[in-house]
Each structure stands twice: as structure tokens, then as C-alpha cells.
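Report on one structure; see the data block that follows.
The values are calculated or read from the model by the stated rules, or taken from the named source; none is laboratory data. Predicted model, so just to flag it, every value in this text is computed and none were measured. Because the Cβ atoms are built from the backbone with ideal geometry, glycine has one as well, and the counts that use them run over all protein chains shown. Side chains included, ligands, DNA and RNA excluded: accessible areas come from the protein's heavy atoms. Shrake-Rupley method; radii C 1.70, N 1.55, O 1.52, S 1.80 Å.
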Amino acid sequence: MAYDFSENDELKMLRETISEFARKQIEPKARELDRDETFSYDLTRQMGELGLFGTIVSPEYGGQGMDYISYIVAVEELAKVDSSQAATIAAHNSLGVAPIFYYGTEEQKKKFLPDLCRNSLWAFGLTEPSAGSDAQASKTTAVYDSARDEWVINGSKLWITNSATDITKGITVQAVTGKQSDNGVELSCFLVPSGTKGLTCRAMKDKMVWRASNTGELYFDNVRVPSQNMLGKRGQGFKIMMDTLDGGRLSIGAMGLGLAKGALGLTLAYAKERKTFGKPLVKHQGVAFKLAEMATRIEAAESLLYKACWLKQNHLPFQKQAAMAKLYCSELAEFCAREGQQTFGGYGLMKEYPIERHYRDAALLRIGEGTSEIQRLVISRYLGC
Ligand code: COS
């Protein structure tokens, strides 16, 4: 099977549709939403109408049945213009919907997915106040109540994208359900619907990045869910979370690549207009070389990311390449946003110029869904280190 770099007409059309939506609908609002730190229900609804909620889910559960590369193209196009809107879609598809689609029982899929493919969001509850990179260090517990055939969840989660909106229907939660024979903890996943008694979801404010994306902190105080809400098997929780993150890393890669392309586009346009020392910036070799470097790294990142997606799409091992793509694309985004800002000079420090927002938003990519250090750890393990 050979890796094909060309995009067919269907993919080109999808890219153009999302690009046009991002330029016409998102771009004019992005600055204000960022300034006011506001999650836009209107844009989210429109993205749902465009079919971006259940991209990879098969039509029998209400999804679009897109292939993985198409989904990644959509995220990339959104991220060129605004990381916050891209984050809403990336987190919902990769982290919210995907584990239910891949690991849910037939009953769970029929119950939850059709709504999530249209109108509602679902979140991924892994990170806790003292369990970030060390994702097995969860303190949240779930205890089985055999009298009622229910699990009782206690604990908290932090920095959970899409978890505290009015349209969030629930969260997949990793919790400790027991001990393993080797003294390790047994971790399991539960589908916890919003509004369940004892669950509090609060939006986290005052972020530097992704200010128009919803980030929540969650508290579980004797939250009861029926045993049918366990996702996967008892003790399979960590693997479900890790497998889900492998896919999530590709969408963060797409966000990095998109942001980098957006930054290059803005910088090139500005450098053609702005004159110093009697000629446009692009005619100064120092600036032209910056642009050449950005473009070269973008080209390399694109090949790495889409190769990783192609591997996933063809059911081949892709975890190493996903970590590489996440690492490279997120660091690329930061590089391009910084070089772009430098080219804009003082204007690049003003909120009036989108490069300023890109510069801030890029910071999340090297931290969220596994820091750059975690990606290096994963890659080095594949090398046998
Ligand atoms: N897919 C499926 N299973 C996986 C896996 C993956 N990608 N990675 C690890 N596992 C399995 C292992 O096979 C192992 O199974 P066994 O116990 O049956 O052998 C088990 O999970 C434990 O694996 P490991 O010992 O490698 O776990 P570690 O505690 O060393 O953690 C890292 C590995 C650091 C890679 C993991 O904790 C991680 O990715 N951390 C970052 C978490 C993160 O991204 N957080 C941000 C979330 S924001 S949404």
C-alpha cells in the first residue's frame, strides 16, 4: 500500500468549504470572542450544521462517516483562522465522540451518538489537579454499589475542554476502581451524563490561550451512574484513554499545522505591503529567509502529519508518528507565530492583529494532550530507549 500525497476532488471541496466558513463566519468574530473570553454557541451550532460534530462516526449512528484525513483537514482549516473554534471541534470529535464510537456497546452508541453528531458536546475527563502527565495517578474513585447496580464516583477533573457549556451532554471519566495484583491501580472509564446529581461543572476563566474555547473543572460528589455506563471493560480505562489520546495527538498536530499556515499567510501579506528602507519587507533578505524557513518547516510538518493520519486510516500502527506529528506541529506553530510576530514588529504586539492571538494560542499546543516532553518520551520508547 503506497502513501498518496494528492487530495481528491472531494477533499479539496471540503477544504474549501471549511476555509470559506472560517474566513466568513469565524474571522470577523474571533477577536471579540477572544477579548471577552466567550464561548460562541452560535458558531458552535453552525459548525454542527456543517457536519463537523460527528465527522468519523458512521451514518448508522448519525455521523458523517468521513475518513480520518478529511476530519484532520477540517481541523486544520479552522485552526488557520482561530484555534478556539478548532479546539471545540477537535476535542469533541477526537476525545468526546471517538472513545464512545470505538469502545461503546451497541446500546451506548445508539443512546449517545446521534445527538452528539448534531447538537451536543461530550468531554474527556482524564486530567486531575495532581494527575497530568502522569495520567495513571488519578485520585478520582468509582466504587460499585451492588445493591443498586451503580457506580459511585468521587473526585475532580481539571482543564476539561467542552465540559462546562450549556450543550455539554456528558463526560467520559477515568476513575480508580480497585487495585491490581502488581500493586498498581485498576482504572476504568464511565460515561457520566451532565446534570447527574452530585456533578458540578464550572468554566475556568482567565486563560492566556484558546479564550473562546470552553474549559471546565469538574467535581464529583457521590455521583451515581448505572453499571451500563461503564465504557469498555473494568480495568481497561487507562488503555482507552491512551488510545484516545493517540488520535487526539493527530488533531493537535492539525491545529499546529493550521496555525502555522495561518501565521505564514498573515506574515506574507503584511511583508508584501509594509515598506522599510524604501522597499517592501519581502525584498529584505532577512525577512524573505524567515518566510522561506516557515514555508519549509510547514511542508515537512504536512508530510509527517498526513502520513500519520494515513497510517491510522489504513489501520496500520501510527502511535509513534502521531507523537512525532504532535511534537513537530505544535513546536512549528510556536516558531511560525513568533517569526510572524517579529516581522510585524510593534503591530504584532497589538490585539488588533491576529498574529498576536496566534502567538498566545500556540503555547497550548506544546502542553495540552501530552506535553512536548511526553511526546519525546513516547517516541524514545518506540526507539527502544
Ligand atoms: N494505547 C493503548 N495502551 C497503551 C498506550 C496506548 N497509546 N500507552 C500505554 N498503554 C498501556 C500499556 O501497554 C500498559 O499496558 P499493560 O499494563 O497491559 O502492559 C499500560 O497502558 C501502562 O502503560 P505505561 O507503563 O507505558 O504507562 P505510563 O504510566 O508509563 O505512562 C505515558 C505512559 C507517560 C506515555 C502516559 O501516561 C501519557 O501519555 N501521559 C500523558 C497524558 C496526557 O497526554 N495528558 C493530557 C491529557 S489532555 S486531554
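Restricting attention to region 345-360, does a residue exist that is within 15 Å of the ligand (Cβ to nearest atom), out of contact with any Phe, Trp or Tyr (no Cβ under 6 Å at 6 or more places or on another chain) and touching a residue at least 40 places away in the same chain (Cβ under 8 Å)? Taking every residue of region 345-360 in turn, none turns out to be within 15 Å of the ligand (Cβ to nearest atom), out of contact with any Phe, Trp or Tyr (no Cβ under 6 Å at 6 or more places or on another chain) and touching a residue at least 40 places away in the same chain (Cβ under 8 Å).
Taking region 156-238 and the strands (runs of 3 or more DSSP E) fully enclosed by it, the elements with 3 or more residues that are within 18 Å of residue 98 (Cβ to Cβ) are at 168-179, 185-193. Only one of the numbered conditions (1) open to solvent by less than 20 Å² (accessible area, probe 1.4 Å); (2) under 14 Å from residue 258 (Cβ atoms) is violated by residue 344, and that is (2). Considering only residues of region 106-120 that are assigned to a helix (DSSP H, G or I) and among the basic types (Lys, Arg), which is nearest to residue 167 (Cα to Cα)? Looking at residues that are assigned to a helix (DSSP H, G or I) and among the basic types (Lys, Arg), I get 111.
Does region 124-139 include one or more residues that are of a type in the set (D, E, K, R), at pLDDT 95 or above, more than 30 Å from residue 14 (Cα to Cα) and more than 11 Å from the ligand (Cβ to nearest atom)? Checked region 124-139: at least one residue is of a type in the set (D, E, K, R), at pLDDT 95 or above, more than 30 Å from residue 14 (Cα to Cα) and more than 11 Å from the ligand (Cβ to nearest atom).
Going through region 235-264 one residue at a time, which ones are away from the ligand (no atom under 14 Å from the Cβ) and either open to solvent by 40 Å² or more (accessible area, probe 1.4 Å) or assigned by TED's automatic domain parsing to the domain that holds residue 108 (or both)? Across region 235-264, the qualifying residue is only 261.
From 293, 352, 369, 339, grab the single residue that is outside the structural domain of residue 158 (by TED's automatic domain parsing), among the acidic types (Asp, Glu) and under 22 Å from the mean Cα position of the chain (by Cα). Selected residue: 369, the only one of 293, 352, 369, 339 that is outside the structural domain of residue 158 (by TED's automatic domain parsing), among the acidic types (Asp, Glu) and under 22 Å from the mean Cα position of the chain (by Cα).
Once region 1-39 is narrowed to residues that are of a type in the set (A, V, I, L, M, F, W, C), touching a residue at least 40 places away in the same chain (Cβ under 8 Å) and assigned to a loop (DSSP other than H, G, I, E, B), the residue that is most open to solvent (accessible area, probe 1.4 Å) is 1.
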